[in-house]
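Q: Sharing a structure, written as structure tokens. Questions coming.
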There are 2 protein chains.
Amino acid sequence: MRVLLVGAGGVGSAIARIAARRPFFEAMVVADYDRGRAEAAVAAVGDDRFTAERVDANDRAAVGELLTRHGCDVLLNATDPRFVMPLFEAARGAGANYVDMAMSLSHPHPERPHEECGVKLGDDQFAQADDWEKAGALALVGMGVEPGLSDVFARHAADELFDTIEEIGVRDGANLTVDGYDFAPSFSIWTTIEECLNPPVVHEAGRGWFTTAPFSEPEVFDFPEGIGPVECVNVEHEEVLLIPRWIDAGRVTFKYGLGTEFIETLRTLHLLGLDRTEPVTVPGPDGPVAVSPRDVVAACLPDPATLGERMHGKTCAGTWVRGTKDGAPREVYLYHVVDNQWSMAEYGSQAVVWQTAINPVVALELLATSAWTGSGVLGPEAFPARPFLDLLTEYGSPWGMREQ
Amino acid sequence: MRVLLVGAGGVGSAIARIAARRPFFEAMVVADYDRGRAEAAVAAVGDDRFTAERVDANDRAAVGELLTRHGCDVLLNATDPRFVMPLFEAARGAGANYVDMAMSLSHPHPERPHEECGVKLGDDQFAQADDWEKAGALALVGMGVEPGLSDVFARHAADELFDTIEEIGVRDGANLTVDGYDFAPSFSIWTTIEECLNPPVVHEAGRGWFTTAPFSEPEVFDFPEGIGPVECVNVEHEEVLLIPRWIDAGRVTFKYGLGTEFIETLRTLHLLGLDRTEPVTVPGPDGPVAVSPRDVVAACLPDPATLGERMHGKTCAGTWVRGTKDGAPREVYLYHVVDNQWSMAEYGSQAVVWQTAINPVVALELLATSAWTGSGVLGPEAFPARPFLDLLTEYGSPWGMREQ
């Protein structure tokens, strides 16, 4: 297998470090808009299977040329979701397979944004599913930790743990703190705003997909391994769009353990219009300039990828499932916890970034070894779960299950 | 009396409208950095005692020349506090008296900003008090509503209502809302951030002036005339620097009824570093640009001066006093309420701006008629309160008193 990894930010760099320990691929080309970042990611692994390139992820022709020139058979997208469609289409154009960790962006319903879906996450990708299937090519979408491992957990529950499923609820929570900062998100604030202020989507059997107001259905979820109870709210997330395509469940939700303070911060940013991406005009040193308020918010906060050394605590991704097995009610939480102290010591990557990065590497290895095969636009739950969960454990990062 | 009014913004324009109904002065020259604003303020009153001029408030020589050319005996400063010192010194240089509504700016203590005062509000002005006194000239400082009328209330309480005073607490609150906006401050957000995030100052007999952390000593104060309970916190304000110079009181505070939501909003802006004035670098259409986060916050919100027509509710300024009279404990709140609907109908000015503007006009009339006389740098509480309060009532804007 020859991989083109696009994006050498926090997640892309961690992917390189994790993959470097595995023998399943021949080459990994690390490409970024900033050549220096790509070179740093390659230098950090000290493995001559890796090379650095510069590329503009928006430039389909340039991406296609890179795939061809390096003879890559798969493109792994580690950029932000704005670049999903150009990279997805560039891979298809060059005849390569494609893996990403977030799906094409949604657009709210123009009149009833908090009741009905408009363009859903992934719709633009699924619209091209026939092309991929006809070509016998695979686009594996949403293959990070959430979406990704959370979808694998749902598949595992459906296959081995339940006869009928009433509800699948992905639940994400952490107890991470950052020394020296009163407020320092552990993940990109730009993406977090996008996720949390878009109308959350819910799926119900018989009703299909629908949306609610942001921060709906708050609940306190008790996370394992000492993280404890965290306030969670509905957030727009890919799992809700993926799981119902392959798994029967009465209801599918995603709730993010943002905590009360973070929720209030996001509400305030929205109230003041500081979440907006459309530019506003402000005085600059050489006259008025146009800037996106959301970019200014991001510029005022520390870069989460640089905070690993100052971070403490654990992050938990998981899937809570309620249903029946052998006629009796059952409720389980399948989860994966990463301790920042461990991921920093072992890989030099902070926990949230590392937890996202390990899953596409495991998936690539399953594809390289043909443990996973398929064509079309497929989510992680379209594949058998057991090989993935076993290989994750073999990577040294076991998952857990709590009967509730 | 011949008046040079510098500043034709919201407050300056309202001063012109209020003064135009009174016969006590011969001429009022309205000067602004933007000649168009000065001309609009003059055109709105249709009174040939008014003329418009252009002036840079920072240019002492130009201001002095205007005072001399128009034979003005008093300069009324209606600009923002950055221009206090040049206008104060220009008036002294030209031999004119001087009135303002905010005092020279403070600078926090370099090491212990939340415990000790650095340069206090008004310090730069009081440092020149001897010059004014020797010249027999008067600088009446802090003569708006707060500071201003609030100081007059303190004088009235000390003279007529109390034998001993334990505490004087200026308390400001409102129930103003703006149609069509979930969040729309009724006063400049730039200035509000400056006031609210500077360390608040408190005075105690025996201890003198000291500072606290922002938003300290929260209390819910019940405002009159239907405004009701509002959460108030300590804010840096001139009254705390003025009142103890002329009135004996155990403790003097200023608390602003920002309300819980507004306080949390300011806390969040501070937590995220969005209150900063130092520039951050963000992507612009033609490459990276440097912008001040606080300017971006202001650009995201509507201009409060344009909101009068959409505003509803009342604003209350007042002074709460606790002490003894004839051996018995007493507690009163002296207050002045303006209903936005009334000020818009009667003067075309929104309530907060109009309430600030009426007080310096009343003071000028008292100086013109020699009901108030004095020399040096003096606060409103250095003069008898009764003539002021009676003339305010005669202007059609009565004050009230609540025994608690």
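The values are calculated or read from the model by the stated rules, or taken from the named source; none is laboratory data. All figures in this text were calculated on a predicted structure; none of them were measured in a lab. Counting neighbours? That spans all protein chains shown, and the Cβs are built from the backbone with ideal geometry, glycine included.
Q: Given the options B:P229, B:P224, B:P199, name the one that is more than 14 Å from chain A (Cβ to nearest Cβ), within 21 Å of B:K314 (Cα to Cα) and either in contact (Cβ under 8 Å) with a residue 40 or more places away in the chain or out of contact with any Asp or Glu (no Cβ under 8 Å at 6 or more places or on another chain) (or both).
A: B:P224
Q: Within region B:277-296, take every residue that is in a loop (DSSP other than H, G, I, E, B) and out of contact with any Pro (no Cβ under 6 Å at 6 or more places or on another chain) and give me the one that is nearest to the other protein chains (Cβ to nearest Cβ).
A: The selected residue is B:P285.
Conditions tested, residue by residue: (1) away from chain A (no Cβ under 14 Å); (2) not in a helix (DSSP H, G or I).
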| position | (1), (2) |
| --- | --- |
| B:E236 | yes, yes |
| B:V252 | yes, yes |
| B:E264 | no, no |
| B:D275 | no, yes |
| B:A298 | no, no |
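Q: Here's another thing I want to ask about it. Mind listing just one residue for me: the one in region B:49-85 that is in a helix (DSSP H, G or I) and surrounded by fewer than 19 Cβ atoms within 10 Å (Cβ to Cβ) and, of those, modelled with the lowest pLDDT?
A: B:R82
Q: Among the numbered criteria (1) surrounded by fewer than 19 Cβ atoms within 10 Å (Cβ to Cβ); (2) modelled with pLDDT of 95 or more; (3) of a type outside the set (S, T, Y), which single criterion is violated by B:M143?
A: (1)
Q: Answer with yes or no whether A:L271 is within 21 Å of A:P110 (Cα to Cα), within 14 Å of chain B (Cβ to nearest Cβ) and aliphatic (A, V, I, L, M).
A: yes
Q: Among the residues of region B:283-308, write down those that are touching a helix residue (DSSP H, G or I) at 6+ places or on another chain (Cβ under 7 Å) and closer than 29 Å to B:G259 by Cβ.
A: Within region B:283-308, B:V291, B:P293, B:R294, B:V296, B:V297, B:A298, B:C300, B:L301, B:A305, B:G308 meet the criteria.
Q: Could you please find all residues in region A:1-32 being more than 21 Å from A:A57 (Cα to Cα) and either touching a strand residue (DSSP E or B) at 6+ places or on another chain (Cβ under 7 Å) or of a type in the set (A, V, I, L, M) (or both)?
A: Those that are more than 21 Å from A:A57 (Cα to Cα) and either touching a strand residue (DSSP E or B) at 6+ places or on another chain (Cβ under 7 Å) or of a type in the set (A, V, I, L, M) (or both): A:M1, A:I18, A:A19, A:A20, A:F25, A:E26.
Q: Which count do you get for residues in region A:113-122 that are farther than 18 Å from A:T356 by Cβ and either surrounded by 19 or more Cβ atoms within 10 Å (Cβ to Cβ) or touching a residue at least 24 places away in the same chain (Cβ under 8 Å) (or both)?
A: 6
Q: If you scan region A:169-203, which residues turn out to be more than 25 Å from A:L301 (Cα to Cα) and out of contact with any Pro (no Cβ under 9 Å at 6 or more places or on another chain)?
A: Correct list: A:G169, A:R171, A:V201, A:V202.
Q: Moving on to the next point. Assuming A:P360 fulfils every condition listed in (1) at pLDDT 95 or above; (2) surrounded by fewer than 24 Cβ atoms within 10 Å (Cβ to Cβ); (3) not charged (D, E, K, R) apart from one, which condition is it?
A: Among (1) at pLDDT 95 or above; (2) surrounded by fewer than 24 Cβ atoms within 10 Å (Cβ to Cβ); (3) not charged (D, E, K, R), A:P360 violates only (2).
Q: Is it fair to say B:T319 is more than 21 Å from B:Y181 (Cα to Cα), hydroxyl-bearing (S, T, Y) and away from every other protein chain (no Cβ under 14 Å)?
A: Yes, satisfied.
Q: Restricting to region A:287-321, count the residues that are of a type in the set (A, V, I, L, M, F, W, C) and within 23 Å of the chain's Cα centre (by Cα).
A: Selection size over region A:287-321: 11.
Q: What's the number of the condition B:A94 fails, among (1) closer than 23 Å to B:K134 by Cα; (2) within 23 Å of the chain's Cα centre (by Cα); (3) without any contact (Cβ under 8 Å) to a residue 60 or more places away in the chain; (4) surrounded by fewer than 23 Cβ atoms within 10 Å (Cβ to Cβ)?
A: All conditions are met except number (2).
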